[in-house]
1. If I go through the range 31-52 residue by residue, how many of them are assigned to a helix (DSSP H, G or I) and at pLDDT below 90?
2. Return yes or no: is residue 424 exposed (fewer than 14 other Cβ atoms within 10 Å of the Cβ), over 22 Å from residue 410 (Cβ atoms), assigned by TED's automatic domain parsing to the domain that holds residue 352 and at pLDDT below 65?
3. Might you let me know whether the range 180-203 holds any residue that is modelled with pLDDT under 85, assigned by TED's automatic domain parsing to the domain that holds residue 74 and either within 50 Å of the chain's Cα centre (by Cα) or under 29 Å from residue 116 (Cβ atoms) (or both)?
4. Any residue at all in the range 126-133 that's exposed (fewer than 13 other Cβ atoms within 10 Å of the Cβ), closer than 30 Å to residue 248 by Cα and without any contact (Cβ under 8 Å) to a residue 40 or more places away in the chain?
5. If you check every pair at least six apart or on different chains, which have Cβ atoms under 7 Å apart with a residue in the range 279-301 that is on the phi > 0 side of the Ramachandran plot first and a residue that is in a helix (DSSP H, G or I) second?
6. Give the range 89-117 a look and list any residue that's buried (at least 16 other Cβ atoms within 10 Å of the Cβ) and in a helix (DSSP H, G or I), or say none.
7. Kindly indicate which of 72, 91 is in the same structural domain as residue 205 (by TED's automatic domain parsing), under 28 Å from the mean Cα position of the chain (by Cα) and under 26 Å from residue 181 (Cβ atoms).
8. Looking only at the range 177-197, decide whether some residue is out of contact with any strand residue (DSSP E or B) (no Cβ under 7 Å at 6 or more places or on another chain), part of a helix (DSSP H, G or I) and more than 30 Å from residue 94 (Cβ to Cβ).
């Protein structure tokens, strides 16, 4: 099964977050992932999708991506404008153009950066080789998106690229893209200026001979001539020292030759490198998988792929009862019609609190984390039509209890909560306020256990409050 890149990005971000600040509470998310089944990678990604939604990481990723696009647009505009400025600086406002400085201004920095990128493959081993442009882009995006998770996202991205040996190629995509824009701006500016202004081209030198320039022009013009760009003749090159007046056709030849240099030695290599980098990045990302041996992921294997898992039985069989409870029976493969359970009830309370009506399943008292997981897994496979949960009215519900009650409510057609022992109304109101704040309906919270038993047996539509 193929996953989106965001799935791997979120997985790595959560791995870093849990490695730095401890594991997240994921009982519900891990249970849903186990219920979906599949390989460990499939369950891991399903669990992380749910956690990302709960923790707001998906929203942060969307906001980070939006700001990254905006900064990319800003850098693109700057690159294009700088390319235009370089061409204007090389030609000036009109008049005499010294060819040597003009070529250096148009192609010097680009050629140096391109040679350094090529040399990095021979001089640097591994995948760690970013670029100044890509690093600046990531830092600016990180500054614009506030928050802890926003700082983890670029780090997670770099971790993924590093493990796939893609940092150099991904940085190359950005670098080559900006250089393509800059060279496109320079080429368009050259065409505009040469079409609307009159320039005279010449070689200015004190040490070099005219024959040196003849060899240089012929060498540089060989590749552009293959694409149809003519180069000035040797006679025109020797006459371009500034001591002779040249015809307009000679200056036109120099203009075409200069445009050919920018196109062949500047723009086309960058386009080829950009295409190659995109192909390498796309190919390796298509083969991206989760490294299940990484710290923070390997520890989740037992939670998501337990060595023993309750999948139901073909026939009733005796089961081991959980501590301090002797349930009547645990639901098997059949669908649960009506069920009752106790949530963290102390030993001084009788269980069950009253005689159970016929047809009601006793799920026992749930105390430990393992019992919670087993209960949730069972209800995910066979949801109860009616579920009555008994809680100790002398305790105050904490966040973990409210989360579990919410999960149990989603796994039953109708759920009621009974508080035992039946205390004064003020204590019941404290429970009701917190349960209502957690999203429960008022009719789901009742104090009289006898009425709830009648509701569970279907003998009365609504228990009394």
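The values are calculated or read from the model by the stated rules, or taken from the named source; none is laboratory data. The structure displayed is predicted, hence computed values, not measured ones. Cβ coordinates were reconstructed from backbone atoms using ideal geometry, including for glycine residues, and neighbour counts include every protein chain displayed.
1. So the count comes out to 6.
2. Working: exposed (fewer than 14 other Cβ atoms within 10 Å of the Cβ): yes; over 22 Å from residue 410 (Cβ atoms): yes; assigned by TED's automatic domain parsing to the domain that holds residue 352: yes; at pLDDT below 65: yes.
Yes, satisfied.
3. Yes: the range 180-203 contains one or more residues that are modelled with pLDDT under 85, assigned by TED's automatic domain parsing to the domain that holds residue 74 and either within 50 Å of the chain's Cα centre (by Cα) or under 29 Å from residue 116 (Cβ atoms) (or both).
4. The answer is no; no qualifying residue exists.
5. From the range 279-301, the pairs are 296/15; 296/18; 296/19.
6. 90, 91, 99, 102, 103, 105, 106, 107, 110, 113, 114, 117 - these are the residues of the range 89-117 that are buried (at least 16 other Cβ atoms within 10 Å of the Cβ) and in a helix (DSSP H, G or I).
7. Numbers: 91 fails: under 28 Å from the mean Cα position of the chain (by Cα).
Answer to the check: 72.
8. yes
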